[in-house]
Amino acid sequence: MFQLHDLYYFLSPPQLAAETAKGLLQRLQEPRWAGRGEPMSLDRLHITLHHLGRFLNSIPREVIDLALAAGSAMDYEPFGVRLDVLQSRGGFEKGTFGTVELAPQAGAARDLRGFQHALGNTMRRMGFAETQIRSHFNPHMTLHYKHERIDRMVVAPVAWTVVQFALVDSLYGLSRHDVLARWTLKARQQVFLDW
């Protein structure tokens, strides 16, 4: 028996934002919107920043050490994420299924793209191969993996301030994410109260 492991850097929404997404997940279960299987569970909602590779049975220690070093080397301030477009990817042919995802409106992902790019530069500096650094970033949070195509629509936003990111071992096919490390983003700007 073998198990595939995918190693990722993730952003995960905090509980309140995940609860907002829950309403959208429930809409995907309405009879007028057909899907196969279940939508994502709240604890698995995430935005993938970088996919560091797929590995058979275990992730090599040197890859984990390099990922931990890159994560620890990140110096970035908290920033906002706002996802308010519900859309499909794939599922173009009748009877086929694609994903349903939540994404930002055009031009609203500058800070998120900036963080993903900075993480990629840090990975490069720490010695990651270019093939492990995501050059094209289409920010989104997948809500359902096997769903009929839906029309693109603007919805109530799922928004939060990103204060941490994580290194995650995703066990392929088991719907399981094991968090290997988390890093906190720290505000460098001093806050001055009454003088």
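The values are calculated or read from the model by the stated rules, or taken from the named source; none is laboratory data. The model shown is predicted, which means the values in this text are computed figures rather than measured ones. Cβ coordinates were reconstructed from backbone atoms using ideal geometry, including for glycine residues, and neighbour counts include every protein chain displayed. All accessible areas refer to the heavy atoms of the entire protein, side chains included, with ligands and DNA or RNA removed. Shrake-Rupley method; radii C 1.70, N 1.55, O 1.52, S 1.80 Å.
Data overview
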{"item": "The chain: calculated mean residue ellipticity at 222 nm from DSSP helix runs of at least 4, using -39500 (n - 2.57)", "result": "-7000 deg cm²/dmol"}
{"item": "Per-selection metrics, the stretch 41-148 (Cα): Rg and Dmax in Å", "result": "16.0, 47"}
{"item": "Label point distance in nm, ARG113-ASP75, each placed 7 Å from Cα along Cα→Cβ", "result": "2.6"}
{"item": "Label-to-label distance, nm, for residues given as ASN138 and LYS186 (7 Å Cα→Cβ offset)", "result": "3.7"}
{"item": "Amide proton proximity set for PHE79, modelled H, under 5 Å, gap of 5+", "result": "VAL162"}
{"item": "Kirkwood Rh and Cα Rg combined as Rg/Rh, the chain", "result": "0.99"}
{"item": "Trypsin sites (Lys or Arg not before Pro) restricted to the stretch 42-122 and DSSP loop, no more than 15 other C-beta within 10 Å", "result": "LYS94"}
{"item": "Rounded accessible area of ILE64 (nearest 10 Å², 1.4 Å probe)", "result": "30"}
